[in-house]
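Working notes, beginning with the structure itself.
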Amino acid sequence: MKLRLRRASGPLQGLIIAAAAGFALMAQPAPARVHGSHTLTVYLVRHGERAGSSDEAPLNPSGREHARILARLLRGRGVTRVLTSSIPRCRQTAAPLVMQIRKRHPGFRPGVLPSDSPKQVETAIEALSNRDTVLVVGRSSFIPEVVRDLTGKEVSAERDEYYRIYELVRRPGSRVRFTLRAAPEWVGK
């Protein structure tokens, strides 16, 4: 079934895209956790939309809504770790999920990536345990390179694209496998 959307503009466009991405991911079954199965699952996302052009700009209202939707999408998926870039909008994008996790694990603290260098992000991901499910929030500048280097798949990250969730799965003895879990191609720019 092919869906068509009319082009929206302004804040409405961001909310429509976020809702469409949310419904696309919610339609996917939660990953099966088989007893004795040791996999590393990484959800790699770009920070939400920002309220300005400086590196220190916080999320705007659409970006905060994106963060809340992301937390709802990942609820029940067993996220055990959260890693973000050090820039405020990345931490703010992860904050609603971190609050959910803290309700179950009061001492939970998110980690900070060593830098926005794709190679250092890849090293941090590769060092994770095969029993982890991790949210990594960063800048659009490193996402395509990280996905390509870890999976062999080419992806693009447009500067105005905030609603894709890349799921990377590593099983013992195999390469990381790439799956695009949200924002199908018809969700417009």
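The values are calculated or read from the model by the stated rules, or taken from the named source; none is laboratory data. The structure displayed is predicted, hence computed values, not measured ones. As a convention, Cβ positions derive from the backbone with ideal geometry for all residues, glycine included, and neighbour counts pool all protein chains shown.
Here are VAL147, VAL79, VAL176, VAL169: which of them is touching a strand residue (DSSP E or B) at 6+ places or on another chain (Cβ under 6 Å) and modelled with pLDDT of 90 or more?
Among VAL147, VAL79, VAL176, VAL169, only VAL79 is touching a strand residue (DSSP E or B) at 6+ places or on another chain (Cβ under 6 Å) and modelled with pLDDT of 90 or more.
Find all pairs meeting these conditions: Cβ atoms under 7 angstrom apart; at least six residues apart or on different chains; first residue within the range 113-130 and under 20 Å from VAL79 (Cα atoms) and touching a residue at least 40 places away in the same chain (Cβ under 8 Å); second residue part of a loop (DSSP other than H, G, I, E, B) and not polar (S, T, N, Q).
That search, which allows pairs on different chains as well, returns ALA124/LEU113; ALA124/PRO114; ASN130/HIS38; ASN130/PRO172.
Could you tell me how many of the residues in the range 124-153 are within 13 Å of the chain's Cα centre (by Cα) and surrounded by fewer than 18 Cβ atoms within 10 Å (Cβ to Cβ)?
Qualifying residue count for the region: 3.
Could you tell me which numbered condition LYS119 fails, if it satisfies all but one of (1) among the charged types (D, E, K, R); (2) assigned to a loop (DSSP other than H, G, I, E, B); (3) more than 14 Å from TYR43 (Cα to Cα)?
(2)
Take GLY107 and tell me if it is assigned to a loop (DSSP other than H, G, I, E, B) and modelled with pLDDT of 85 or more. Spell out the reasoning first.
Working: assigned to a loop (DSSP other than H, G, I, E, B): yes; modelled with pLDDT of 85 or more: yes.
Here the answer is yes, as GLY107 does meet what is asked.
Restricted to the range 92-110, and to residues that are under 22 Å from ARG164 (Cβ atoms) and in contact (Cβ under 8 Å) with a residue 24 or more places away in the chain, which residue is surrounded by the fewest Cβ atoms within 10 Å (Cβ to Cβ)?
Once the filter is applied, the top-ranked residue is GLN100.
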